[in-house]
Amino acid sequence: MPHTSAGGKYYYTINRTTLVAFAVGKKYKPGNGFKIIGGHTDSPNLKVKPRSKRAGSGCVQLNVECYGGGMWHTWFDRDLGVSGRVFVRKAGDDGAEKIEQRLVKIDKPVARISTLCIHLQTAEERKAFRVNKEEHLSPILSTQN
């Protein structure tokens, strides 16, 4: 932590995932105490699991886990890109293997969570359908040969 002084504004990051920002009041004197306000954002998403390849019904799928309190039925029949933090193995300058983290963002559609066409379902089937996050939300990457 750097030295702080009255009237200063500071920030730092932790593990490239957390941002901490604060300002020291102009009239602050050591021993007067301080107040902390915190906040965070959560965006429902599908986190790709470490063992991410899943196959079934003639398709190659991503093995994912649901994060957050999503309205998961809205994810069906939409094109999906990929973004987030990945860890990669890399040879260091000394030749030793090291692991680096990188941020990736692929805006082009690479996956899709499909459902049965509405005209192939009865009204009762549509009404009775309940999303099973484990079974229904594995995005399809491609078909298998």
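The values are calculated or read from the model by the stated rules, or taken from the named source; none is laboratory data. Because the structure is a prediction, the values reported are computed rather than measured. As a convention, Cβ positions derive from the backbone with ideal geometry for all residues, glycine included, and neighbour counts pool all protein chains shown. For the accessible areas, the whole protein counts, side chains as well, though only heavy atoms, and no ligand, DNA or RNA atoms are used. Shrake-Rupley method; radii C 1.70, N 1.55, O 1.52, S 1.80 Å.
Taking 17 Å as the straight-line reach from the Cα of LYS29, the lysines in range (excluding those fewer than 8 positions away in the same chain) are LYS9.
Of all lysines in the structure, those lying under 28 Å Cα to Cα from LYS105, and not within fewer than 8 positions of it along the same chain, are LYS47, LYS49, LYS53, LYS90, LYS133. Farthest towards the positive end of the charge dipole of the chain, among the residues ALA23, ILE37, PHE76, is the Cα of ALA23, using unit charges on the Cβ of Lys, Arg, Asp and Glu.
Whenever you get a sec, compute what percent of the accessible area on segment 1-90 sits on carbon and sulfur atoms (1.4 Å probe). Intermediate results must be reported in sequence, preceding the final value.
Numbers: 3980 of 7480 Å².
For segment 1-90, the apolar C and S fraction of the accessible surface comes to 53 percent.
Heavy-atom accessible area for HIS119, with the other protein chains in place and a 1.4 Å probe, reaches approximately 150 Å².
Packing-based ranking of 76-85, 18-27 yields 76-85, 18-27, ordered from highest to lowest mean Cβ neighbour count within 10 Å. Here's the thing: no aspartates and glutamates lie within a cross-link span of LYS98, going by alpha-carbon distance under 12 Å and ignoring same-chain residues fewer than 8 apart. At a probe radius of 1.4 angstrom, the accessible area of the chain per residue rounds to 84 square angstrom.
Rolled with a 1.4 Å probe across the full set of protein chains, the surface gives THR17 an accessible area near 90 Å².
Can you classify the chain as rounded, prolate or oblate using the Cα gyration tensor, where a ≥ b ≥ c are the square roots of its eigenvalues, rounded means a/c under 1.5, and otherwise it's prolate if a/b beats b/c and oblate if not? Oblate, because a/c is 1.5 or more while a/b does not exceed b/c. A probe of 1.4 angstrom, applied to the heavy atoms of all protein chains, finds ILE118 with accessible area near 110 square angstrom.
Sorting check: for 54-67, 123-136, which peptide has the highest mean count of neighbouring beta carbons within 10 Å, and how do the rest follow? Could you put the intermediate results ahead of the total?
Numbers: 54-67: 14.4, 123-136: 10.6.
Descending packing order for the listed peptides: 54-67, 123-136.
For the chain, the Cβ-based charge dipole about the Cα centre amounts to some 640 debye (Lys, Arg positive; Asp, Glu negative; other atoms uncharged). Mind listing the long-range amide H neighbours of VAL110? Cut-off is under 5 Å, sequence gap 5 or more, other chains count too, H placed in the peptide plane at 1.01 Å from N. Placed amide hydrogens put LEU80, GLY81 under 5 Å from VAL110.
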